[in-house]
Every structure is written in structure tokens, then in C-alpha cells.
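Structure, as C-alpha cells:
Read the figures in this text as sums done on the coordinates, not as results from a lab. Because the structure is a prediction, the values reported are computed rather than measured. Because the Cβ atoms are built from the backbone with ideal geometry, glycine has one as well, and the counts that use them run over all protein chains shown.
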Amino acid sequence: VIRMVSLVYLTCYIASYCFELMFLCRRLGVELGKVQVYQEANRETRVQIEESVRSEDVFIIQTVSKDVNTTIMELLIMVYACRTSCARNIIGVIPYFPYSKQCKMRKRGSIVSKLLASMMCKAGLTHLITMDLHQKEIQGFFNIPVDNLRASPFLLQYIQEEIPDYRNAVIVAKSPASAKRAQSFAERLRLGIAVIHGEAQDAESDLVDGRHSPPAVKNIGAIHPSLEIPLLIPKEKPPITVVGDVGGRIAIIVDDIIDDVDSFLAAAETLKERGAYKIFVMATHGILSSDAPRLIEESAIDEVVVTNTIPHEIQKLQCPKIKTVDISMILSEAIHRIHNGESMSYLFRNIGMDD
């Protein structure tokens, strides 16, 4: 099946797989170009750019579909096609960077986000625009400039405009790991903060990092008889507790990604038991895999607010509680500034090192 992929021409070139491209084009005042992306009978991906990109700035906008690996290959092949077509600059606009959760060594695994960054640079990418990386340190995996934009201004605006009694709200971190993000939201909204502690072990734990390899060998003494290496005491999760007052308040749980919703559902139940009368979930990237829409619809969560970094129209049809915040404005401004050689600092104003 051959499917046409829209591109934009503006003395630069934009390729995109996302519906929101039309909004970007409208904001930039540019026209669409054309490119063909299709799969052969043997499932190989083929890309054919149908306009000249010689000496142009090329912006390739790629959102992540359910078939993330095919999406990545389409991106890499398109970048390489632009490189071999003598494009001047090739800028990737990837609102959600795939494999971003695999950015730490775990046992005998690998740091996949580092591998993906190397592949993009090798294919010919000269600049990357992304949004709310799972870990900001991922920027160091690239040897090209990376602009990690923030969606928090749009989410904060939604809270102020769409939650009538938001002054009676409290910002909640569903785990200590997300406390920094919650603190950032709370300080900007002048609200209180609560942290849920004691939930089930998650995949980001210290217990699964690379320092547990090689495995311990039983009944073998130390190299030197007088040397005794102290062992780390294993962690034991305490009972679930909420640090902070949520009784009679609106609870707003904030995070960067919402995919597997089990931890959010557990947090919502805990907050309901502690007296919160309304529960919102705010996240930048709404992956919402598997049965997430159904589970949200049946849960104590009143509303889930995500941005359109990832298409989720099907999930919205399955669950009316899911709301979308449009972030095409900041992407179009970033594209405009990079193409015209303008400073990007305006897009990062009032953003601190911990944001």
C-alpha cells in the first residue's frame, strides 16, 4: 500500500506523519509538499521524496505510532534520503522521543535511547526538537544540538482555565521519583504538594540497574581473608502513605508519560480514600496502551489531560475522560526560529535546571 505523507515547503522542507501538521502549516503560513512512504511486500520500508531539497532546511516531523519500530525506520530512511539529496540542514521534530524510558543500564540490558540517538546522528540528522524527555540527560546521547521543549506552560494554562476551583487543588506526585515535576507545578500555581509513597516497585528502581551484574555467587569468600565487603540491605516498601493533606481538595496528579495506567489508578484510589473529591491526571505524552482507556473510564479518575505529542484519537473515542491540549504553537515557533537563525531562549524563559 502506498500512502502519501505530507510535506511542507518554505525554503525549507517538512515531512510529517501527524494530523497536527495542518495546524503547523497554518501557523507557519506554508504549503504542503509530497513524499511517498510505503512498505514492500517483504515489509521493507521505501521512501521517495518527490521535490528537490537541495540546499534546503528540512524539518522532518515524526510522531510515534503503535508500531514504533516501523516509525523509527521510516524516520531514519527519510533522514538519510534527505542527506543523499544534498539537503543543507536536516532537523528532526520528534515531540515524543521513543525508547526514552530505556535510558539506564538495567542488569544485562542496554541503553536503547543512546543507540537510537547514535542511529539518528549517523543517518544525517543535524538538529533535534523534542518535548519533555523522560530524562533530560538523554540530550547528552546526541552529538548534535537538542532543544527539549516543555509542555508545562500549556498544562498550567489548562488547569487555570478549565478547572474552576483550582485554588482548592493540591499537586500530587504518584511516587517520590516524580516529586520534582509536582513541585514545579505547585510553585508556579502557588498550590500545595502531596507525595504518595509506598506503592508497588516500578521499573525505574535502583534494584534493577547495571550494578547488579554479574550475579552474586554463593559460598565464595572474599579475595583476601581479611576483606569483608558490606552488602546493601534490600529495600522493603512501607505501607502506602500520602505525605500532604488532600482531604476535601482537588487532586492533580502530574507526570511526563501515561502509558500503563495501573500506577495512576492505584494513586487515584489512595487519594479518594484520603478524602480528595476530584482527581485529575496531567501528562505530556499520552501513549495510553492496551486497555488504558477502558480502565480510566471505570476508575476514580475524573479527567486525564494529555498533549497531542502522540495521536490518541481512538483512545478519546473509547474514553470521554481523556482531554487533549494542543502544543503545535510551540513547535511551529521553534521551527520558525531555527529556520530564520533566531534565538530559542524565548521558548525556555522561566525554566530552571530542575524543570
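General remarks:
- Restraint check, LYS278/LYS321; LYS114/LYS235; LYS66/LYS101; LYS136/LYS321, Cα-Cα greater than 18 Å: LYS114/LYS235; LYS136/LYS321
- Full extension of the chain segment joining ARG88 with GLN135 gains 13.9 nm, where the gain is 0.36 nm per residue of separation less the Cα-Cα distance.
- Debye-sum result for the range 7-149 in log10 I(q)/I(0), which assumes one identical scatterer on each alpha carbon, at q = 0.09, 0.15, 0.18, 0.20 Å⁻¹: -0.27, -0.75, -1.06, -1.28
- For the range 104-191, relative contact order (Cα pairs under 8 Å, six or more residues apart, normalised by length) works out to 20 percent.
- Two-site FRET efficiency, GLU31 against LYS180, from Cβ-Cβ distance with R₀ of 45 Å, rounded to 0.05: 0.60
- Inter-label distance for GLN318 and GLU50, nm, one decimal - labels placed 7 Å from Cα along Cα-to-Cβ: 3.3
- Full extension of the segment from LYS122 to LEU189, taken as 0.36 nm per residue of separation minus the current Cα-Cα distance, would add 19.9 nm.
- Of the GluC sites (Glu not before Pro) found in the range 50-154, those that fall in a DSSP loop while having at most 16 other beta-carbon atoms within 10 Å are GLU50, GLU51.
- In order through the range 157-172: 3J(HN,Hα) via Karplus (6.51 cos²θ - 1.76 cosθ + 1.60), integer Hz, x for Gly, Pro: 5, 4, 4, 5, 9, 10, 10, x, 9, 5, 5, 9, 9, 9, 7, 10
- Loop-located trypsin sites (Lys or Arg not before Pro) in the range 248-355 (DSSP state not H, G, I, E or B) with no more than 12 neighbouring Cβ atoms inside 10 Å: ARG349.
- Separation in nanometres of the label points that stand 7 Å from Cα toward Cβ, at PHE348 and LEU232: 3.2
- Förster radius 25 Å - calculated FRET efficiency between ASP67 and ASN148, Cβ distance, rounded to 0.05: 0.50
- Segment GLU269-MET22, length gained on full extension (0.36 nm per residue, minus Cα span): 85.0 nm
- Residues of the range 297-316 with an amide N closer than 18 Å to a point placed 7 Å from the Cα of ASP165 along the Cα-to-Cβ direction: 301-303.
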